[in-house]
1. Ignoring ligands, DNA and RNA, please state the percent of accessible area on the chain from carbon and sulfur, probe 1.4 Å.
2. Most mobile of ASN69, ASN56, ASN24 per a Gaussian network model of the chain (Cα springs, under 10 Å)?
3. If eta is 1.002 mPa s and T is 20 °C, what Stokes-Einstein diffusion coefficient results for the chain, Kirkwood Rh from Cα pairs, in µm²/s?
4. Seen from all sides and averaged, what is the projected area of the convex hull of the Cα atoms in segment 21-60, in nm²?
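The values are calculated or read from the model by the stated rules, or taken from the named source; none is laboratory data. Every value quoted in this text rests on a predicted model; they were computed, and no experiment measured them. The accessibility values were calculated without ligands, DNA or RNA, using every heavy atom of the protein model including side chains. Shrake-Rupley method; radii C 1.70, N 1.55, O 1.52, S 1.80 Å.
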Amino acid sequence: EVINIGTKTAYDWEFEADLPAGPNFESGEQEPLKPGERAIFTLGFDTTSRGLERFNAEVDAEDDINYTNNYYDWVVEVIR
């Protein structure tokens, strides 16, 4: 989920995700988000390994003044 917590419309933003099965996912340019608006994304991946897998996502917005909250890192346990 991406939320614009700022006070201005976020233009020209995109996100990328580093997935365990690779390759990295790049979204391309996304629609502008007004203050308080959100976009929800669901990503999936295939993997042949079991156990703990790490993946992350990062949002990149043009003229962003606060990069500290644009990155998220997850660890999931894959069970088959």
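1. Summing carbon and sulfur atoms, their accessible area is 48 percent of the total for the chain.
2. Looking only at ASN69, ASN56, ASN24, the biggest GNM fluctuation is shown by ASN69.
3. 155 µm²/s
4. The directionally averaged projection comes out at 4.0 nm².
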